[in-house]
Amino acid sequence: MQAMATETFIGNMRGPVIRRTDADYDAVRSLYNRMIDKSPVMIARCTDVADLVTAVNFAKQNDLQAAIRGGGHNGPGLGSVDDGLMIDLSMMKGVRVDPTARTVRVGPGCTQGDVDRATHIYGLAVPAGIVSTTGIAGLTLGAAPDTSPARQLTQVGFSNLFPKFCA
Ligand SMILES: Cc1cc2nc3c(=O)[nH]c(=O)nc-3n(C[C@H](O)[C@H](O)[C@H](O)COP(=O)(O)OP(=O)(O)OC[C@H]3O[C@@H](n4cnc5c(N)ncnc54)[C@H](O)[C@@H]3O)c2cc1C
């Protein structure tokens, strides 16, 4: 990876790009499961779709393995990658509630708590995860298989809501 290409990439991003030498590197790369300790070469903290496209293209052009991070709750830590580019969407937290249609459109960095906060003021709720810090993106994309009756109820609840998310 050329130093100039990296500088150009950082210049093209609106959100911050965190490198291993940055003071906040350890805090930003940490995942919910503290048993997983992955060390990406850089973390692209996207603020909008243009940042996301820029980050994906940079990874592709520089043959870097990329991992997308939503809420960072995935058990094996699939939202991060050793020596690759973590594309961190956790700053993309827009939520739009349509109280008439009773739907909500959710940015890829939202957690269950973010969605609850936006919907509850309209007396609405999305029956999805049971922990407020879990990412809506990961929940929407498949979440965790579990055979417990309580979790099966939760799974059925949000499986039916897939089309209403925009993760
Ligand atoms: C405390 C806790 C409570 C949980 N509760 C529930 C529950 O009630 N019901 C349930 O079914 N599951 C539950 N889970 C499991 C959880 O749903 C999954 O771990 C889910 O993958 C977490 O999503 P995330 O966005 O936080 O994770 P991340 O680790 O950020 O992402 C998970 C996966 O999705 C990918 N991804 C994330 N965002 C995107 C995106 N925008 N585009 C493409 N790929 C993306 C990542 O690359 C990664 O492979 C829980 C997990 C924990 C740790």
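Of all residues in the range 63-75 being in a loop (DSSP other than H, G, I, E, B) and near the ligand (Cβ under 8 Å from one of its atoms), which is surrounded by the fewest Cβ atoms within 10 Å (Cβ to Cβ)?
In this case the residue turns out to be GLY75.
Can you tell me which residue among ASP83, ASP51, ASP63, ASP98 is of a type in the set (D, E, K, R) and within 14 Å of the chain's Cα centre (by Cα)?
Of ASP83, ASP51, ASP63, ASP98, the one residue that is of a type in the set (D, E, K, R) and within 14 Å of the chain's Cα centre (by Cα) is ASP51.
Given the options PRO76, PRO99, name the one that is out of contact with any Lys or Arg (no Cβ under 8 Å at 6 or more places or on another chain) and modelled with pLDDT of 95 or more.
Result of the check over PRO76, PRO99: PRO99.
Of the numbered conditions (1) under 16 Å from the mean Cα position of the chain (by Cα); (2) aliphatic (A, V, I, L, M); (3) surrounded by fewer than 18 Cβ atoms within 10 Å (Cβ to Cβ), ALA23 fails exactly one; give the number of that condition.
Checking ALA23 against (1) under 16 Å from the mean Cα position of the chain (by Cα); (2) aliphatic (A, V, I, L, M); (3) surrounded by fewer than 18 Cβ atoms within 10 Å (Cβ to Cβ), the one that fails is (1).
Could you grab me the full set of residues in the range 76-129 that are more than 22 Å from ARG19 (Cβ to Cβ), assigned to a loop (DSSP other than H, G, I, E, B) and touching a helix residue (DSSP H, G or I) at 6+ places or on another chain (Cβ under 7 Å)?
Residues satisfying the conditions are LYS93, PRO108, CYS110, ALA125, VAL126, PRO127, ALA128, GLY129.
Do the conditions hold for ILE36, that is, is it at pLDDT 95 or above and crowded, with 20+ Cβ neighbours inside 10 Å?
no
The values are calculated or read from the model by the stated rules, or taken from the named source; none is laboratory data. What you see is a predicted model, and the numbers here were worked out from it, not measured in a lab. Using ideal geometry, Cβ is built from the backbone for each residue, glycine included, and neighbour counts are taken over all protein chains shown.
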